[in-house]
Every structure is written in structure tokens, then in C-alpha cells.
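Just below is one structure, and these are the notes that go with it.
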Amino acid sequence: MAFKIISFGTRDNEVPHFDALNKEGFEMTYKSENLTHDNIDLVKGFDGVLLRANNVADKQNLDQMAEWGIKYVFTRTVGYNHIDLDAAKANGQIVAYVPAYSPYAVADLAFGLGIMQNRNLAGAVASSEDGDFRPNPASFVPEFQSLTVGILGTGKIGLAEAKLWKGVGAKVLGYDPYPKDGIEDILTYASMEDLLKEADIVSLHVPYFKGSNDQFFAADQLKLMKSSAVLVNTARAEITDEEAIIAAVKAGDIKGFATDVISNERAYFGQVKPEALQEKGSIMAEFQALYPKVVVTPHIGSYTENALHDMISISYKNFENALNGNFEENFLVKPEA
């Protein structure tokens with residue numbers, strides 16, 4: 001019998017890619033909705049579960065899967081904080097992830113959002129839609145070759161964005177607690193303080209480590225930025241203090257903010273007019289009230305053909321390796337030796 005996998009959060013246009021890359025003949029079932037407590041019954045009868053960000057794989061759901069004999073709980077994402085690894089280990093379940101995909105997927109988005117907010121493109125379009133065709137002073141900015149861009153986190157994605165900015169003539173500064181050698185032709189390393197003081201665009205590419213760097217980018221960091229500078233976050237919402245960012249935008253301490261990630265994403269992303277939008281005082285409501293100074297995209301950083309190909313291919317390989325007893329790469333929870 002074929003190994004049966006149910007994939008959650010699978011968009012319709014992704015299904016042909018899943019099918020084309022399914023060289024091992026896995027029996028695939030695709031669900032567009034994310035896995036929650038309410039739809040956990042959908043996994044019953046499957047051998048493996050494939051998740052994405054904002055799917056719920058907490059102890060409650062993992063325990064239920066274990067009760068139904070589901071041993072393989074994989075995610076097709078780099079982030080895996082949606083999976084309770086301790087619970088999975090206690091249940092004897094196996095967990096794998098995708099450690100990397102095309103770095104330009106997120107880098108391209110960060111690059112575009114930086115351009116958008118620096119040039120006030122969202123504001124210009126909004127004004128035109130309202131019938132106001134006067135140029136806004138917020139769109140009067142230095143050209144690319146006169147900009148300084150600060151990249152916080154110079155891993156594969158941060159370095160990919162740095163190359164894009166370097167390619168259009170901008171000066172690129174980088175900060176990373178573990179600086180790389182041999183990239184002096186792309187960026188110049190600086191202290192975080194100097195980077196924030198000088199940059200016209202600050203782009204975050206910092207991984208999130210729960211309990212370690214929560215809200216590390218907060219009021220103190222925002223105070224160092226220029227009032228004409230914009231902040232871009234395509235990493236994780238948890239590394240920022242969103243309330244501090246809102247306060248900084250309102251006060252004019254920074255020019256604008258663009259983000260592909262927000263706290264409590266499950267309540268919004270992947271839905272049309274979600275009920276959570278009606279909640280007064282929510283972070284999303286605050287962000288929307290500040291449009292176009294604040295722009296939110298629905299976690300589409302990895303939403304490219306190249307990145308999707310990598311995610312699916314590596315996920316299928318993870319299942320193949322697990323079934324063959326090969327747990328050398330990409331496994332967060334392995335069988336006990």
C-alpha cells in the first residue's frame with residue numbers, strides 16, 4: 001500500500017507542483033485549510049502529516065495523532081515553532097523540516113517592500129485612488145545609489161537581499177553576531193548602533209529563538225533609527241515589539257514599516273475578512289489604521305515557484321529518508337537509538 005500523506009495549508013496553484021514532484025508515489029491528500037484543534041479529525045487514517053507555518057501541532061494535536069498511530073509529523077517550512085518537539089519526542093513521533101529554500105524568495109520581497117516604503121509608493125497609489133494627484137513630500141527621496149541599507153542578520157536570505165541592494169548601487173551595512181568572511185564586496189559590517197543610525201532602510205533577517213530573542217528589536221533600537229528611515233520585517237514577528245513600532249510610526253520617529261509577519265497570524269492569514277479584524281485594539285487593526293505608513297503582506301515571503309519547488313522536493317525526500325531509516329539530515333526529532 002502507498003504511504004498516505006495529508007498536506008495542510010496547500011493552495012490550489014501548489015497542487016500541480018506537489019503532483020509533478022511526487023516521484024515516490026506517495027498517496028497525497030491536499031487541504032487548503034490550516035490544521036487546527038477543530039479539524040484534527042482530518043488526519044485520521046493517514047501515515048504522515050505535512051504542515052506549514054500557522055498550523056497547530058501542539059501537544060493536544062500531537063497526542064491525538066499518536067492515538068491514531070500517526071508517527072510522521074513534518075513541516076515544509078524553515079520555522080518549526082508551530083510544532084511541540086517535546087510532545088512529539090514523548091510520543092515517539094518523528095519530526096522533519098526544510099532547513100533552507102531559495103533565499104531570493106524572501107529577499108526579493110524584502111527588497112520590494114523596502115523600495116515601496118522608502119519611495120512612499122503605497123501612499124502615492126492610495127492618493128491616486130482617492131483622486132488626489134498631488135505629489136506627496138514623502139515620495140521625495142534619495143535615489144538608490146544614495147541610500148544606505150542596513151541588513152540585520154547576514155545569513156543566506158540577508159546576504160541575498162544585500163546583493164540586490166548592492167546591484168542597484170546602494171551602500172549596504174550588515175550586522176550579525178557571527179560575521180562571514182569574504183563578503184566585503186557586498187556589504188560592510190558595522191555595530192548595530194552604527195547601522196541603525198545610518199541606514200535609510202533597515203531589513204530584519206534574524207531567526208527567532210523562543211525565550212532567547214523575543215522582541216529584541218524594540219523601542220531602544222527604534223530610537224536609534226533616522227526619522228526618515230523605514231523598517232522591513234520578513235523574518236518573524238516575535239523578534240519585534242510591535243507596539244513599539246506602532247508608537248514610533250505614530251510619533252514620526254520612523255517614516256514607515258512594512259511586514260510580512262505579524263503576531264497571531266493564524267487569526268488572519270489565509271482567510272477573507274476574518275472575524276479577528278473586528279477586534280478593536282488588535283495589532284492588525286493598529287497596523288491597518290496606519291496604512292500606508294504601515295504595509296502588511298500575508299506571509300508571502302516564500303510564495304515563489306523556486307521556493308515552493310525546494311520545499312516540496314525536500315519534504316518528499318524527508319519522507320523517503322525516514323521510511324528508509326535515514327535520519328542524518330533535516331530531522332528535529334528522531335527515533336530513539
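The values are calculated or read from the model by the stated rules, or taken from the named source; none is laboratory data. Keep in mind that what you see is a predicted model, and the values were worked out from it rather than measured. We place every Cβ from the backbone using ideal geometry, glycine too, and count neighbours over all the protein chains shown. Side chains included, ligands, DNA and RNA excluded: accessible areas come from the protein's heavy atoms. Shrake-Rupley method; radii C 1.70, N 1.55, O 1.52, S 1.80 Å.
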Matching residues, the range 126-147, being in contact (Cβ under 8 Å) with a residue 12 or more places away in the chain and more than 22 Å from GLU161 (Cα to Cα)
ALA126, ASN136, ALA138, SER139
Quick one: would you say LYS273 is basic (Lys, Arg) and at positive phi?
yes
For the range 313-328, state whether one or more residues are open to solvent by 70 Å² or more (accessible area, probe 1.4 Å) and touching a residue at least 24 places away in the same chain (Cβ under 8 Å).
yes
Condition (residue is open to solvent by less than 30 Å² (accessible area, probe 1.4 Å), part of a loop (DSSP other than H, G, I, E, B), among the β-branched types (Val, Ile, Thr) and without any contact (Cβ under 8 Å) to a residue 60 or more places away in the chain) applied to the range 216-235: is it met by at least one residue?
no
Out of the residues in the range 90-105 that are under 14 Å from the mean Cα position of the chain (by Cα) and part of a helix (DSSP H, G or I), state the one that is farthest from ILE40 (Cα to Cα).
TYR104
Which listed residue is hydrophobic (A, V, I, L, M, F, W, C) and over 16 Å from THR188 (Cβ atoms), from LEU121, LEU159, LEU152, LEU147:
LEU121
So which residues in the range 268-283 are more than 24 Å from ALA105 (Cα to Cα) and open to solvent by less than 90 Å² (accessible area, probe 1.4 Å), if there are any at all?
PRO274, ALA276, LEU277, GLY281, SER282, ILE283
Among the candidates VAL172, VAL206, VAL261, which residue alone is open to solvent by less than 40 Å² (accessible area, probe 1.4 Å), of a type outside the set (Phe, Trp, Tyr) and assigned to a strand (DSSP E or B)?
VAL172
Any residue at all in the range 155-167 that is outside any loop (DSSP other than H, G, I, E, B) and without any contact (Cβ under 8 Å) to a residue 12 or more places away in the chain?
yes
From the residues in the range 236-258 that are in a loop (DSSP other than H, G, I, E, B) and touching a residue at least 40 places away in the same chain (Cβ under 8 Å), which one is nearest to SER212 (Cα to Cα)?
ARG236
Answer residue from the range 271-291, given it is assigned to a loop (DSSP other than H, G, I, E, B) and not hydroxyl-bearing (Ser, Thr, Tyr) and is modelled with the highest pLDDT among those:
LEU290
Contact list please: Cβ distance under 8 Å, first residue in the range 279-306 and on the phi > 0 side of the Ramachandran plot, second residue aromatic (Phe, Trp, Tyr), pairs at least six apart or on different chains.
HIS299/PHE269
Scan the range 308-317 and tell me whether some residue there is over 24 Å from TYR80 (Cβ atoms) and over 21 Å from the mean Cα position of the chain (by Cα).
no
The lone exception for VAL98 - which of (1) among the β-branched types (Val, Ile, Thr); (2) surrounded by fewer than 21 Cβ atoms within 10 Å (Cβ to Cβ); (3) modelled with pLDDT of 95 or more it fails:
(2)
Condition met for GLU242 (surrounded by fewer than 14 Cβ atoms within 10 Å (Cβ to Cβ) and not aliphatic (A, V, I, L, M))
no
Going by the conditions given, is ILE300 open to solvent by less than 20 Å² (accessible area, probe 1.4 Å), closer than 22 Å to LEU109 by Cβ, part of a loop (DSSP other than H, G, I, E, B) and modelled with pLDDT of 90 or more?
no
